[in-house]
Amino acid sequence: RFAFSDTLNRLPQQFFANLVQKVQKLKDEGHDMINLGQGNPDLPTPEHIVEELKMASDNPEYHKYSPFTGQVFLKEAIASFYKSEYGVDIDPETEVAVLFGAKTGLVEISQCLLNPGDLALLPDPGYPDYMSGIALANARTAWMPLMEENAFLPDYQKLDEKDLEAAKLLFLNYPNNPTSATANQAFFDETVDIAKKHNICVVHDFAYGAIGFDGEKPQSFLQSEGAKDIGIEMYTLSKTYNMAGWRVGFAVGNRSVIESLNLIQDHMYVSLFGAIQQAAEKALLGDQSAVDQLVNTYENRRNVLVEKLNEIGWKVQAPKGTFFAWLPVPEGYTSEEFADILLEKAHVVVAPGNGFGEAGEGFVRAGLLASEDRLSEAAERIGKLGLFTK
Ligand code: PLP
């Protein structure tokens, strides 16, 4: 009956919808599925944060509208967090935007900076939601392949000079979903130089900022000199504190870009429930030992999965961060074919790499989002298929 907008029709298909359906069907048939396909943290939110929310919910002030750009105490907590974690100075008043999860910011940033037809540089493979923002803005994309031989970092020297000239926005994400790669200071310094030279705004998605393994603390993009002149960083409490359902994220960095994000937030959302903002303050400034435990848990799971997969003859690299493993598909299969075999025959769910972009072909992504026992069992079931030679 209704003719929906071109904007709506431009939204990309949800690649994984099909997979979710297949998994449900097998589950309904009574199979014991080990689901490593999605990115939903399986650990609980630390208790002291939940307690703070319960207490704060009784405050009637929070039952009213919160200040449009977020509570001052939360913005101050975010600034202190960045200072203590990364040594980065952030002005709470002008350099912080409080977001409904990092996702809203990652989508809205395209509305802030791109006119129809403008160009954005996106990582391939990459988190699909950057593309949603580009589609809503009716903008164009140039892909930056993340290749294994370049440690899954984009090689700026290989990008088309015309694209660098035309681009207004560049998305990066380290520790990286889906490849689990991390970035070092030298790469971020190079990014700042490129962005300055070509006048591109950099958006660094730091969703997995807390999750680095082998004692390596992930680097914030804002630690690079001059980063605040040309970009922002998005952070989320979803992964660091297992608060994905709470929808708390924020952007920090370049003042004029932050102002533009705040303007869109103001027009669309007003602000998060005040009690959630108080609990978010507690998360950022309170006891961080739960974060250390969480990183340990993922690292132990990683060790189990990598060891067991190598034991069955599937030669895989150990992830350096995030809660994903990016696993090479054996020769003779596409990513989708191989993911289908694991799904149908081993009842182990992984995400085919091509769902994250063309350069993701040849890989599948497995989440470290099940217990060590279940991960071990997943590897055993895969081993029994006899697809690998030891
Ligand atoms: N960025 C990346 C790379 C992610 O993997 C995710 C969640 O899966 C997000 C952003 C979204 O975070 P949030 O829950 O804050 O919207």
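What follows is calculated from the coordinates using simple rules that are stated; it is not laboratory data. Worth saying up front: this structure is predicted, and the values here are computed from it rather than measured. In this analysis, Cβ positions are derived from the backbone assuming ideal geometry, glycine residues included, and neighbour counts consider all displayed protein chains.
The orientation-averaged projection of the convex hull spanning the C-alpha atoms of the chain amounts to 20.7 square nanometres. With K and R counted +1 and D and E -1, the other residues having a Cβ less than 15 Å from that of Met55 yield a net charge of -4. On the basis of the beta-carbon distance and an R0 of 30 Å, Thr334 and Gln185 show a calculated FRET efficiency of 0.25. Seen from Ser110, the other residues with C-beta closer than 15 Å to its C-beta sum to a net charge of 0, counting Lys and Arg as +1 and Asp and Glu as -1.
Once you keep just the Cα pairs under 8 angstrom separated by 6 or more residues, what percentage relative contact order results for the chain? Computed over the chain, the figure is 23 percent. Estimated at 0.36 nm per residue, the fully extended path between His63 and Asp89 surpasses their Cα-Cα distance by 6.1 nm.
Mean-square fluctuations from a GNM of the chain, with a 10 angstrom spring cutoff on Cα atoms, peak among Thr179, Thr236, Thr297 at Thr297. Here the 3J(HN,Hα) profile of region 368-381, calculated from phi with Karplus coefficients 6.51, -1.76 and 1.60 at θ = phi - 60°, is 8, 10, 8, 5, 4, 4, 5, 5, 5, 5, 4, 5, 4, 4 Hz, Gly and Pro shown as x.
Label zone (Asn138, point 7 Å along Cα-to-C-beta; backbone nitrogen cut-off 14 Å) within region 1-43: 5-11. Converting phi to 3J(HN,Hα) with the Karplus coefficients 6.51, -1.76 and 1.60 and the offset θ = phi - 60°, region 83-93 yields 5, 6, 7, 10, x, 9, 7, 10, 7, x, 6 Hz in sequence order, with x at every glycine or proline.
A straight Cα-to-Cα reach below 23 Å connects Lys22 with the lysines Lys345, Lys384, residues fewer than 8 places away in its own chain not being considered. Annotation: aspartates and glutamates with alpha-carbon distance below 12 angstrom to Lys27 (same-chain offsets under eight excluded): Glu344.
Remark on region 225-337: ratio of C-alpha radius of gyration to 2.2 N^0.38 Å is 1.48. Can you tell me the length gained on complete extension of the stretch Met55 to His31, counting 0.36 nm per residue apart and subtracting the Cα distance? Length gained, Met55 through His31: 4.5 nm. With R₀ fixed at 51 Å, the C-beta to C-beta distance from Glu47 to Glu259 puts the FRET efficiency at about 0.90.
The peptide list 36-44, 70-78, 248-256, put in order of mean Cβ contacts within 10 Å with the highest first, becomes 248-256, 70-78, 36-44. In order along region 178-194, the phi-based Karplus estimate (6.51 cos²θ - 1.76 cosθ + 1.60, θ = phi - 60°) of 3J(HN,Hα) comes to x, 7, 6, 6, 10, 10, 10, 4, 4, 5, 5, 4, 4, 4, 4, 4, 4 Hz; Gly and Pro are listed as x.
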